[in-house]
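Since every read-out is calculated from the coordinates, none of them should be taken as a lab result. Values in this document were obtained by computation on a predicted structure and should not be read as measured data. Counting neighbours? That spans all protein chains shown, and the Cβs are built from the backbone with ideal geometry, glycine included.
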Amino acid sequence: MATNITFTMIKPDAVEANNIGPILAMINKAGFKIKAMKYLSLSKEQAGNFYAVHKERPFYGELVDYMSSGPLVAVVLEKNNAVADFRTLIGATDPSKAADGTIRKLFAKSIAANAVHGSDSDENAAIEANFFFSGLERP
Ligand code: IDP
Ligand code: MG
């Protein structure tokens, strides 16, 4: 069943570049409400667990190292059609292919250090939100 929740992280490159504020401002301006938010660092083991779905991909080791390299901001967002609308707001995984005006086009440094995460389905949004926050409803 569709939900109105998605999950994002402001990734270590964007935190390091002092872009938490500008990115949250874009998210709010696009109509998303912040339902939960946490500033924290992931261990390699935690980052590896979060991205376990990618463990056979060639970039998995690089991704785990990067996501455990510094603090990030984990955020649960609410909006009608949240998952799809948030993917539109952030743009393509590779910032060189991201549309003008998207968060990744504006703030990403590379395909790995691409500023933000966005859930790819309602099911994964719930799983990812529950990874960081307890007490949220499952779909
Ligand atoms: P998404 O974040 O746009 O959903 P995914 O394919 O789910 O993209 O990949 C998860 C994350 O892994 C990306 O956001 C990015 O940080 C990293 N990543 C994806 N493809 C590559 C790559 O080819 N090289 C290095 N890192 C990558
Ligand atoms: Mg993905």
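Summary of computed values
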{"read-out": "Highest-first arrangement of 126-133, 27-34, where packing means the average Cβ count within 10 Å", "value": "126-133, 27-34"}
{"read-out": "Separation in nanometres of the label points that stand 7 Å from Cα toward Cβ, at Ile34 and Ser96", "value": "3.4"}
{"read-out": "Partners for Lys35 among aspartates and glutamates (Cα-Cα distance below 13 Å; same-chain residues under 8 apart left out)", "value": "Glu78, Glu137"}
{"read-out": "Ser41 versus Asn80: modelled label distance in nm, points set 7 Å from Cα along the beta carbon direction", "value": "4.3"}
{"read-out": "FRET efficiency, Lys109 to Ala52 (Cβ-Cβ, R0 22 Å, nearest 0.05)", "value": "0.35"}
{"read-out": "For the chain, built as a Gaussian network whose Cα springs stay under 10 Å, the top-fluctuating residue of Phe107, Phe50, Phe59", "value": "Phe59"}
{"read-out": "Candidate lysines - alpha carbon under 29 Å from Lys38, same-chain residues fewer than 8 apart omitted", "value": "Lys11, Lys29, Lys55, Lys79, Lys105, Lys109"}
{"read-out": "Which of Ala82, Thr102, Ala52, positive extreme of dipole for the range 51-139 (C-beta unit charges)", "value": "Thr102"}
{"read-out": "Of Gly118, Gly61, Gly48, the one that fluctuates the most in a GNM where the chain has Cα springs shorter than 10 Å", "value": "Gly61"}
{"read-out": "Relative contact order of the chain, defined on C-alpha pairs under 8 angstrom at six or more residues apart (%)", "value": "38"}
{"read-out": "Reachable aspartates and glutamates from Lys44, criterion Cα separation under 15 angstrom, eight or more residues apart if same chain", "value": "Glu62, Asp65"}
